[in-house]
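All remarks here apply to the structure that follows.
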Amino acid sequence: MNKSFILSTGSYLPKKTLSNDEIALMVETSDEWIRQRTGITQRHIADEGELTSDLAVNAARNAIEKAQISVDEVGLIIVATTTPDKTFPSCAAIVQNKLKCKNAFAFDVQAACSGFIYAVTVADSLIKANKRIKYALVIGAEIMSRIVDWKDRSTCVLFGDGAGAVIMKSAAHCSEIAENSLRGIISTNLYSGSNIDILCTSGGVSSTGNSGKICMNGREVFKHAVEKLTASIEETLRCNNLKIANIDWLIPHQANIRIIEAVVKKLDFPMEKVANTVDQHANTSAASIPLALDYAIQESKIKPGSLGLLIAIGAGLTWGSVLLRY
Ligand code: ACO
């Protein structure tokens, strides 16, 4: 049976940063409170004219360049986002147009902060089912700053903007034996359901005619995040006959360092093997995992042939894991 693997990664962060101290000038909060409760020290904020598709295109170009392929070889584009430029066409179609990527088909996946692992799972399935796809471009891109209520201190301190991308390659198109036999997406598990109200926006196209702003019950989200991320990892290990000690690295959705620490503690997994970008990026929703993955690879924290897990939870609730050998 065919399989896919991650060939390259790329990322893009808007130039402008917003520190905790700067937020403290806007709402009643402090650098100390934000750091202690979340681990966040700053976030990147898109410029006024910058769109989600612009962030996505920059991250995509970075991944395509590292993969040393031409845009004409990309057969599939999936963008995971909750903050698209327009209701339609999809952000992926706009990205395809901007990249002049004429041999691909493109669509968006919306699963909030879990969007990237949903998109990787869909891309992996499509690559297995469709021999025509040699390379898939999978992007997580968000401008969360446009749906944040900047008067609500309980949410505005948490989010940031950015984009991460990966090029996934079909093993059926590999001539290199080592590349074909070792690397690959091994298994994925995805879940959703219940608790639609603990994390949502205050509006939408068919309800209010606008996107609305983020509303959240932080304590409830925290509790579900720790419980569901831990359960998802345990199931992945069970289904693949693995122990936590077999896992070389973990890339969790970067929402809050305390959520990550709680999951890792429950599993008795060393924090040194966990990517931490939440301090610099804050929560970039669907972009957080590909951004953290690219960072960890650039820092040589992920070595070729190593075994790792991507795990996420987001509004819906949606959650799950991707087990892969890099
Ligand atoms: N600055 C100062 N005080 C604040 C702030 C702030 N930015 N925000 C809330 N407070 C106050 C509250 O008003 C409350 O005051 P009170 O005791 O006088 O009523 C106090 O701090 C404690 O509030 P809690 O909500 O209980 O604080 P908690 O320790 O739960 O931390 C937080 C809040 C950081 C949001 C936490 O619940 C959390 O991280 N939850 C997970 C949410 C999350 O990560 N969401 C991201 C999207 S979902 C996802 O990506 C998985």
Check your understanding: Please identify the trypsin sites (Lys or Arg not before Pro) of segment 19-113 that satisfy two criteria: DSSP loop assignment and at most 11 other Cβ atoms within 10 Å. Which are they?
Key -> 100, 102
Exercise for review: With runs of 4+ DSSP H residues as the only contributors, calculate the mean residue ellipticity of the chain at 222 nm using -39,500 (n - 2.57) per run, divided by the residue total and rounded to the nearest 500.
Suggested key: -10000 deg cm²/dmol
Check your understanding: To one decimal place, what Kirkwood hydrodynamic radius in Å is obtained for segment 198-281 from all pairs of distinct Cα atoms?
Key -> 14.8
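Within the set of other residues whose C-beta is less than 15 Å from the C-beta of residue 233, count the net charge using Lys and Arg as +1 and Asp and Glu as -1.
Working: positive: 228, 238, 243, 265, 266, 273; negative: 227, 234, 235, 248, 261, 268.
So the surrounding residues net to 0.
Any idea what the dipole of segment 120-205 comes to, in debye rounded to 20, about its Cα centre with Lys/Arg Cβ at +1 and Asp/Glu Cβ at -1?
Values: 9 positive and 8 negative charges, 74 e Å.
It comes to approximately 360 debye.
Counting other beta carbons within 10 Å of each residue's own, what order do 132, 325 fall into, fewest first? Could you put the intermediate results ahead of the total?
Numbers: 132 11, 325 16.
Ascending number of Cβ neighbours within 10 Å: 132, 325.
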Point to revise | Summed side-chain charge close to residue 187 - residues other than residue 187 whose Cβ falls under 13 Å, Lys, Arg +1, Asp, Glu -1 | key: +2
Point to revise | At most 13 other Cβ within 10 Å, DSSP loop - GluC sites (Glu not before Pro), segment 48-101 | key: 48
Practice item. Loop only per DSSP, at most 13 neighbouring Cβ atoms within 10 Å: give me the GluC sites (Glu not before Pro) in segment 95-187, ordered by residue number. Key: 176
Check your understanding: Hey, how many Å between the Cα centroid of segment 215-273 and the Cα centroid of segment 126-172?
Key -> 20
Check your understanding: Helices from the chain with mean Kyte-Doolittle at least 1.0 and a Cα length along the axis of 18 Å or more, per DSSP H: which?
Key -> 115-129
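Coordinate-derived values only; no laboratory data. Predicted model, so just to flag it, every value in this text is computed and none were measured. Ideal geometry is used to build each Cβ from the backbone, glycine not excepted, and the neighbour counts take in all protein chains shown.
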